[in-house]
Amino acid sequence: MTRSEHFKEFLQSISFRELTLSIDLLVSVYISYFYVNSLMNASTQQLSSVSWLSGLLLQVLIYSVILIVLSYLLLSFISDNELNQPPDVREKQINLVGYKYKAIILQTGICVAIVQYQIEANNWGPAIEYNIPYLPMHVMVGAFLIAEIVNYIAQLYKGRTGDIYE
């Protein structure tokens, strides 16, 4: 079999729900890459600038909205009205499993951000080797992005394997 035949066979083997989750996962990974790459390539002055950081967050928000809207438009064109069908009981259970992992990561990220803020605000502990301005906010954004990615991966995994009650 050639690569194109393997790819066609793979596309035929996945459900529309898996395709939707895969596209959402790819969008979330791209947005995460864009955010981390922007932070890694930023200068010290940019990292400490509120206006640069606000612009970065606005870009992340705009890209997220545009990519999600484009993906749903694409999916609506290729679907047979499957986007409008309500999820069945199994899909609802799979969603709940993904949301459980997402909630755990978000709660952990918020707690870490609060602790980090208290450490910075009260000058507790030894001096941090790398001084990152607005670190609690970056922790919260990172937790949100990781939670989204884990949510989609968990739903894809549980949907493919079928072990939704473990």
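The values are calculated or read from the model by the stated rules, or taken from the named source; none is laboratory data. As the structure is a computational prediction, the values presented were derived from the model and not from experiment. Quick reminder, even Gly has a Cβ in these numbers, built from the backbone with ideal geometry, and neighbours come from all protein chains shown. These area figures cover heavy atoms from the full protein model, side chains too; ligands, DNA and RNA do not enter into them. Shrake-Rupley method; radii C 1.70, N 1.55, O 1.52, S 1.80 Å.
Numerical summary
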| quantity | calculated |
| --- | --- |
| Projected label distance in nm at LYS100 and ILE78, using a 7 Å step from Cα toward the beta-carbon | 3.1 nm |
| Sequence ranges 28-40, 66-78, 143-155, ranked by mean other-Cβ count within 10 angstrom, highest first | 143-155, 28-40, 66-78 |
| Relative pair counts by distance (%), Cα atoms of the chain, 5 Å bins | 1, 8, 13, 15, 17, 14, 11, 8, 6, 4, 2, 1, 0 |
| Gaussian network model of the chain, Cα within-10 Å springs - most flexible of LEU26, LEU156, LEU106 | LEU26 |
| Computed [θ] at 222 nm, deg cm²/dmol, the chain (DSSP H ≥ 4; -39,500 (n - 2.57); rounded to nearest 500) | -27500 deg cm²/dmol |
| Average accessible surface area per residue within region 26-166, 1.4 Å rolling probe, Å² | 67 Å² |
| Of all accessible heavy-atom area on region 31-153, the percent that carbon and sulfur account for (1.4 Å) | 67 percent |
| Listed residues ALA42, ALA103, ALA121, most fluctuating in the chain (Gaussian network, C-alpha, under 10 Å) | ALA121 |
